[in-house]
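The values are calculated or read from the model by the stated rules, or taken from the named source; none is laboratory data. Predicted model, so just to flag it, every value in this text is computed and none were measured. FYI the Cβ positions are ideal-geometry reconstructions off the backbone, even for glycines, and counts take in every protein chain you see. For the accessible areas, the whole protein counts, side chains as well, though only heavy atoms, and no ligand, DNA or RNA atoms are used. Shrake-Rupley method; radii C 1.70, N 1.55, O 1.52, S 1.80 Å.
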Amino acid sequence: MIKGTTKIIGIFGYPVEHTKSPAMHNAAFEHLGLDYCYVPFSVRPENLKSALDGIRALGIAGLNITVPHKEAVIPFLDEMSEEASFIGAVNTVKNENGILNGYNTDGIGFMRSLEEKGVQAKGKKVLILGAGGAARAVGYALCKEASECHIYNRTAEKGRALCGHLLKTGGNMRLSDNDLINDKGFLSGMDIIINTTSVGLSESDTPLLNASLLNTGQVVCDLVYKQTPLLKAAEKVGCVTMDGLGMLLWQGVAAFEIWTGTKAPVEVMRKSLGESC
Ligand code: ATR
């Protein structure tokens, strides 16, 4: 029920039609009887600045920020959390009396989804495929825990730059290459492998890794919200697999708690995302 007092939370994306976040957050607001409502906003890149001015003018309480705005939004915010500054991307904004504060809950979301699978990253050897925004968020959270954190990226320069950046956290960073990720000895030594690239979005994509080189018990994650060809192949050889739905849930839980200051109803939010989460 929308009332005169209802606070609005939005999501800015372009496109935004596919988003699962309104269902997840509105289910949580309703369950707790909180006077909030979550709505999608399709914001073209050229309108991002005026859309954020609108947030201040309309007193909208908070936002999620999704593709393609996570980096572009930064110059228009007033404050940034340490994490969001380091990662260089924002997925959550809180409006405090016209001051827009930026956060990044993707890294913590990934870590919590991993823990929920019973996987501890501490002391583990990790391979991250990709060096874009998602890799920066996951890498920031993981590299402080892992004993070794290897980065592979199609464009080696970007991979090297991410390694250099993550070194500043004190992580034990290594740059990987095409030969290494096709080497059974190297791959067998990795405890956790995470695909952060868009390879796998389409069923016809050939995975970046040859899953026949993997072993039973290795953990293979894909940030795409479904069973990708990589996850299917990894499951066949006995790996523990995880898609991106758990990360979507837990980044949402952290964002909800930032906006409302109230503990999120995780199971209600999980249910809104479907059984596979
Ligand atoms: P996101 O914010 O989701 O991480 P991004 O910043 O655009 O998106 O990054 C996309 C990542 O997927 C990059 O690491 C990209 O590799 P490049 O730096 O070489 O472009 C990777 N990627 C996308 N398509 C790919 C493909 N077909 N093969 C290998 N890597 C791919």
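Tell me which residues, restricted to the range 181-194, are within 15 Å of the ligand (Cβ to nearest atom) and open to solvent by 30 Å² or more (accessible area, probe 1.4 Å). Before the answer, list the steps.
Keep residues of the range 181-194 that are within 15 Å of the ligand (Cβ to nearest atom), which gives 181-182, 193-194.
Matches in the range 181-194: Asn182 only.
Counting just the residues of the range 222-241 that are within 22 Å of Tyr140 (Cα to Cα) and of a type outside the set (Asp, Glu), which one comes out farthest from the ligand (Cβ to nearest atom)?
Restricting to residues being within 22 Å of Tyr140 (Cα to Cα) and of a type outside the set (Asp, Glu), the top hit is Thr241.
Is it fair to say Gly244 is open to solvent by less than 10 Å² (accessible area, probe 1.4 Å), of a type outside the set (Lys, Arg) and either on the phi > 0 side of the Ramachandran plot or within 16 Å of the ligand (Cβ to nearest atom) (or both)?
yes
Among the numbered conditions (1) under 22 Å from Tyr152 (Cα atoms); (2) touching a Cys at 6+ places or on another chain (Cβ under 6 Å), tell me where Leu245 comes up short.
(1)
Looking at the range 146-160, I want the residues that are within 14 Å of Asp179 (Cβ to Cβ) and have a partner that is open to solvent by 30 Å² or more (accessible area, probe 1.4 Å) with Cβ atoms under 6 Å, at least 6 apart or on another chain. Which pairs are those?
Note: pairs meeting the criteria are His150/Arg174; Gly159/Leu175.
So that you can scan it fast, the table gives a plain yes or no per residue for (1) over 30 Å from Pro265 (Cβ atoms); (2) among the charged types (D, E, K, R):
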{"residue": "Glu148", "(1), (2)": "yes, yes"}
{"residue": "Gly159", "(1), (2)": "yes, no"}
{"residue": "Asn172", "(1), (2)": "yes, no"}
{"residue": "Asp177", "(1), (2)": "yes, yes"}
{"residue": "Ile193", "(1), (2)": "yes, no"}
{"residue": "Thr206", "(1), (2)": "yes, no"}
{"residue": "Ser212", "(1), (2)": "yes, no"}
{"residue": "Leu223", "(1), (2)": "no, no"}
{"residue": "Leu245", "(1), (2)": "no, no"}
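When you scan the range 195-221, how many residues do you find that are without any contact (Cβ under 8 Å) to a residue 60 or more places away in the chain, within 12 Å of the ligand (Cβ to nearest atom) and open to solvent by less than 20 Å² (accessible area, probe 1.4 Å)?
Residues that pass the stated criteria total 1.
Taking Met24 and the conditions (1) in a helix (DSSP H, G or I); (2) surrounded by fewer than 23 Cβ atoms within 10 Å (Cβ to Cβ), which numbered condition does it fall short on, given that it satisfies the others?
Here Met24 meets the rest and fails (2).
Among all residue pairs at least 6 apart or on different chains, which show Cβ distances below 8 Å where the first residue, located in the range 62-81, is within 14 Å of Ser50 (Cβ to Cβ) and the second is assigned to a strand (DSSP E or B) and more than 16 Å from the ligand (Cβ to nearest atom)?
Once the first residue is within 14 Å of Ser50 (Cβ to Cβ) and sits in the range 62-81, its partners that are assigned to a strand (DSSP E or B) and more than 16 Å from the ligand (Cβ to nearest atom) give Val73/Val93; Phe76/Leu100.
Could you please find all residues in the range 136-162 being open to solvent by less than 40 Å² (accessible area, probe 1.4 Å) and not in a helix (DSSP H, G or I)?
Ala146, Glu148, Cys149, His150, Ile151, Tyr152, Asn153
Return the total of residues in the range 247-273 being open to solvent by 30 Å² or more (accessible area, probe 1.4 Å) and over 19 Å from Gly10 (Cβ atoms). Give the derivation first.
Within the range 247-273, the subset open to solvent by 30 Å² or more (accessible area, probe 1.4 Å) is 250, 257-258, 261-263, 267-268, 270-272.
Checking which are over 19 Å from Gly10 (Cβ atoms) leaves us with 250, 263, 267-268, 270-271.
Residues flagged as open to solvent by 30 Å² or more (accessible area, probe 1.4 Å) and over 19 Å from Gly10 (Cβ atoms) within the range 247-273 amount to 6.
I'd like the residue in the range 82-132 that is assigned to a helix (DSSP H, G or I), in contact (Cβ under 8 Å) with a residue 40 or more places away in the chain and over 21 Å from Arg174 (Cβ atoms) and, out of all such residues, is nearest to the ligand (Cβ to nearest atom).
Step by step, filter the range 82-132, then rank; the result is Asp106.
From the list Ala89, Ala57, which one is out of contact with any strand residue (DSSP E or B) (no Cβ under 6 Å at 6 or more places or on another chain), open to solvent by 50 Å² or more (accessible area, probe 1.4 Å) and of a type in the set (A, V, I, L, M, F, W, C)?
Result of the check over Ala89, Ala57: Ala57.
Please pick out the residue among Tyr36, Tyr14, Tyr103 that is over 18 Å from Gly133 (Cα atoms) and touching a strand residue (DSSP E or B) at 6+ places or on another chain (Cβ under 9 Å). Spell out the reasoning first.
On the way: Tyr14 fails: over 18 Å from Gly133 (Cα atoms); Tyr103 fails: over 18 Å from Gly133 (Cα atoms).
Residue meeting the stated conditions: Tyr36.
Which one of Pro40, Pro75 is part of a strand (DSSP E or B), open to solvent by 30 Å² or more (accessible area, probe 1.4 Å) and not β-branched (Val, Ile, Thr)?
That would be Pro40, the only listed residue that is part of a strand (DSSP E or B), open to solvent by 30 Å² or more (accessible area, probe 1.4 Å) and not β-branched (Val, Ile, Thr).
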